[in-house]
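Enquirer: Can you read through this structure? Questions will come right after.
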Amino acid sequence: MNWLRKIFSGSGSEAGESLRLEDVISWLEDKETSAGWEKSLSEIYRHLEDQAKELSLDVSRLASAEPDPSTPPKLLRAGLAARGEVVKQMESLEEKIDPPRKMDLQSASEHHWALVKGLERTVTTFGRAQRYVAAIFPKSLESINSDLGQISRTLVELEEMIDKRRKLSEEIWYSKELAEELGKGLVAIDSLKKKVAGEEALIGSTAARLRDHEERIRNLAASELGRRTEELKKSLEEKKREKIQTEEELRSLISPLTKALGRITKQSSSDRISLEHGEVFLQLMNNPAQVSDNEIAGSLEELRAHLATLGLKDRKKEKVLDHIDQLIGKRSLELARSRHFSLAEEIKSLEGQLKESSKEALQLKDTISQDKKALIKLEAALEQSRKDLLILEERMGSKQSELLERLTRIAGKEMSLILPEKSG
């Protein structure tokens with residue numbers, strides 16, 4: 001393949017060059033100083049000075065030339081006047097030809113621009129006057145025209161050289177900027193890669209810890225303690241159901257007395273009757289489980305005693321009276337309230353036991369929940385870091401390509417970049 005590459009690259013092409021990124025700036029500075037600018041500029045200025053001297057001699061010859069005595073007076077006057085104007089313009093142009101003291105690009109550009117403008121003004125004025133001057137001093141005018149032509153050609157060479165130098169300076173300036181940006185970008189890429197690696201490692205350790213905790217909680221559930229905890233849960237649920245049933249039983253025992261209890265509490269609040277168990281009647285309606293056995297018996301007896309004054313219909317009053325007698329005789333409310341109290345105590349005891357036996361499992365569940373939340377955040381952060389890394393790598397790849405193109409144009413041969421070794 002080498003012979004094929006040589007055929008298409010041309011026999012005169014230079015071999016490629018490899019350049020380390022950290023050496024790009026110094027390489028560019030060397031190219032800028034070794035481009036032969038000052039030498040070439042000095043040579044052009046020398047040509048201009050020689051051409052200015054030649055122009056000065058020809059202008060002096062024109063100024064001192066004697067006209068043909070046979071020249072018509074009117075033409076002679078016009079020609080001499082035109083000669084004076086031409087001499088004046090040429091002397092002004094000679095002053096602009098003097099090269100600047102500095103040899104930098106800006107000074108050369110300003111000098112070139114001033115000289116071109118001066119030459120344009122000279123040619124314009126010269127164009128109007130040369131017809132008369134040519135009629136009287138044809139040889140002198142021919143020499144001056146030749147001198148101006150040489151100066152114009154030299155100015156074209158100077159302009160080409162300035163344009164070439166300006167393009168080189170721009171290439172070097174942009175290349176330096178790209179090299180600095182690429183260097184900083186590669187450091188940022190290295191840092192981002194370390195960040196991604198750290199986040200991946202943290203995700204791995206968090207996931208491993210999560211699996212370990214999940215395994216521990218499964219083992220705990222299968223252990224004697226886990227089985228005991230499940231039994232306690234079932235017992236607790238059963239006791240809670242029994243407690244609810246007991247509360248429903250208490251409400252059903254009180255339900256037939258609701259109307260009578262409502263009326264007796266209203267009469268008590270209006271001072272129509274004085275009750276010993278007024279607050280107990282309210283409790284019986286709202287929360288019968290909180291009424292003590294003595295209060296139940298006493299309140300039922302008091303309700304029975306005042307039943308006739310409550311304005312109940314005879315049939316309703318008989319039913320309430322019969323229900324009160326049954327409650328007193330069978331002690332139904334006391335027994336139901338006692339069962340409710342016992343169930344409440346059992347539930348309290350079971351909840352205490354369950355809390356103690358579930359302590360480790362609850363701690364593990366809380367830890368697992370925290371690990372899962374942490375894992376979600378870490379995965380989101382990792383995804384963002386990967387996106388940032390991809391964007392930065394693409395941007396730096398574009399800058400690297402542009403830098404290589406500019407370096408190749410500056411060097412005049414194929415260039416390749418050696419990037420810094422990746423740390424870590």
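Enquirer: Please determine, by comparing only the residues of the range 229-260 that are surrounded by fewer than 13 Cβ atoms within 10 Å (Cβ to Cβ) and among the basic types (Lys, Arg), which one is modelled with the highest pLDDT.
Expert: Residue satisfying both the conditions and the ranking: Arg241.
Enquirer: Let me ask something else. For residues that are over 36 Å from the mean Cα position of the chain (by Cα) and surrounded by 15 or more Cβ atoms within 10 Å (Cβ to Cβ), tally how many sit in the range 354-368.
Expert: So the answer is 6.
Enquirer: Here's something else I'd like to know. In the range 25-49, what residues are surrounded by 15 or more Cβ atoms within 10 Å (Cβ to Cβ), of a type outside the set (A, V, I, L, M, F, W, C) and within 19 Å of Trp173 (Cα to Cα)?
Expert: Lys31, Glu32
Enquirer: Pick from Glu421, Glu402, Glu379, Glu393: which is acidic (Asp, Glu), more than 16 Å from Gly16 (Cβ to Cβ) and not in a helix (DSSP H, G or I)? First the steps, then the outcome.
Expert: Values: Glu402 fails: not in a helix (DSSP H, G or I); Glu379 fails: not in a helix (DSSP H, G or I); Glu393 fails: not in a helix (DSSP H, G or I).
That would be Glu421, the only listed residue that is acidic (Asp, Glu), more than 16 Å from Gly16 (Cβ to Cβ) and not in a helix (DSSP H, G or I).
Enquirer: If we scan the range 148-156, do we find a residue that is more than 30 Å from Thr33 (Cα to Cα), assigned by TED's automatic domain parsing to the domain that holds Ala82 and either of a type outside the set (A, V, I, L, M, F, W, C) or modelled with pLDDT of 80 or more (or both)? Let's see the steps before the verdict.
Expert: Filtering the range 148-156 down to residues more than 30 Å from Thr33 (Cα to Cα) leaves 148-149.
Those left that are additionally assigned by TED's automatic domain parsing to the domain that holds Ala82: 148-149.
Within this subset, residues satisfying the condition of being either of a type outside the set (A, V, I, L, M, F, W, C) or modelled with pLDDT of 80 or more (or both) are 148-149.
So far as the range 148-156 goes, yes, one or more of its residues are more than 30 Å from Thr33 (Cα to Cα), assigned by TED's automatic domain parsing to the domain that holds Ala82 and either of a type outside the set (A, V, I, L, M, F, W, C) or modelled with pLDDT of 80 or more (or both).
Enquirer: So which of Val133, Val156 ends up being aliphatic (A, V, I, L, M) and without any contact (Cβ under 8 Å) to a residue 40 or more places away in the chain?
Expert: On the way: Val133 fails: without any contact (Cβ under 8 Å) to a residue 40 or more places away in the chain.
From the options Val133, Val156, the qualifying one is Val156.
Enquirer: Taking only the range 369-410 into account, find how many residues are farther than 15 Å from Leu178 by Cβ, over 23 Å from the mean Cα position of the chain (by Cα) and not charged (D, E, K, R).
Expert: Result for the range 369-410: 2.
Enquirer: Pick out the one residue from Leu312, Leu343, Leu321 that is part of a loop (DSSP other than H, G, I, E, B) and either of a type in the set (Gly, Ala, Ser) or surrounded by 14 or more Cβ atoms within 10 Å (Cβ to Cβ) (or both).
Expert: On the way: Leu343 fails: part of a loop (DSSP other than H, G, I, E, B); Leu321 fails: part of a loop (DSSP other than H, G, I, E, B).
Every option except Leu312 fails the conditions.
Enquirer: Same structure, new question: Residues to consider are Leu80, Leu62, Leu75, Leu21; find the one that is surrounded by 13 or more Cβ atoms within 10 Å (Cβ to Cβ), at pLDDT 85 or above and of a type in the set (A, V, I, L, M, F, W, C). Show your work before the answer.
Expert: Working: Leu80 fails: at pLDDT 85 or above; Leu62 fails: at pLDDT 85 or above; Leu75 fails: at pLDDT 85 or above.
Matching residue, one of Leu80, Leu62, Leu75, Leu21: Leu21.
Enquirer: List the pairs whose first member sits in the range 342-355 and is basic (Lys, Arg), whose second member is surrounded by fewer than 14 Cβ atoms within 10 Å (Cβ to Cβ), and whose Cβ atoms are under 9 Å apart, counting only residues at least 6 apart or on separate chains?
Expert: Lys355/Leu362
Enquirer: Out of Ser70, Ser92, report the one residue that is loosely packed, with under 13 Cβ neighbours inside 10 Å, assigned by TED's automatic domain parsing to the domain that holds Leu158 and either of a type in the set (Ser, Thr, Tyr) or closer than 20 Å to Leu155 by Cα (or both).
Expert: Ser70
Yes/no per residue for (1) of a type in the set (Lys, Arg); (2) outside the structural domain of Glu247 (by TED's automatic domain parsing); (3) closer than 22 Å to Glu248 by Cβ; (4) out of contact with any His (no Cβ under 8 Å at 6 or more places or on another chain):
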{"residue": "Asn294", "(1), (2), (3), (4)": "no, no, no, yes"}
{"residue": "Glu302", "(1), (2), (3), (4)": "no, no, no, no"}
{"residue": "Glu318", "(1), (2), (3), (4)": "no, no, no, yes"}
{"residue": "Leu333", "(1), (2), (3), (4)": "no, no, yes, yes"}
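Enquirer: Let me ask something additional. Return the residues of the range 359-399 that are in contact with a Ser or Thr (Cβ under 9 Å, 6 or more places away or on another chain) and more than 26 Å from Leu225 (Cα to Cα); say none if nothing qualifies.
Expert: Answer for the range 359-399, where residues must be in contact with a Ser or Thr (Cβ under 9 Å, 6 or more places away or on another chain) and more than 26 Å from Leu225 (Cα to Cα): Ala374, Leu375, Leu378.
Enquirer: Out of Arg395, Arg386, which single residue is in contact with a helix residue (DSSP H, G or I) (Cβ under 9 Å, 6 or more places away or on another chain), charged (D, E, K, R), in contact (Cβ under 8 Å) with a residue 40 or more places away in the chain and closer than 30 Å to Ser169 by Cα?
Expert: Details: Arg386 fails: closer than 30 Å to Ser169 by Cα.
Unique residue meeting the criteria: Arg395.
The values are calculated or read from the model by the stated rules, or taken from the named source; none is laboratory data. Nothing here was measured: the structure is a model prediction, and the numbers come from that model. Positions of Cβ are generated from backbone atoms using ideal geometry, with glycine treated the same way; all protein chains shown enter the neighbour counts.
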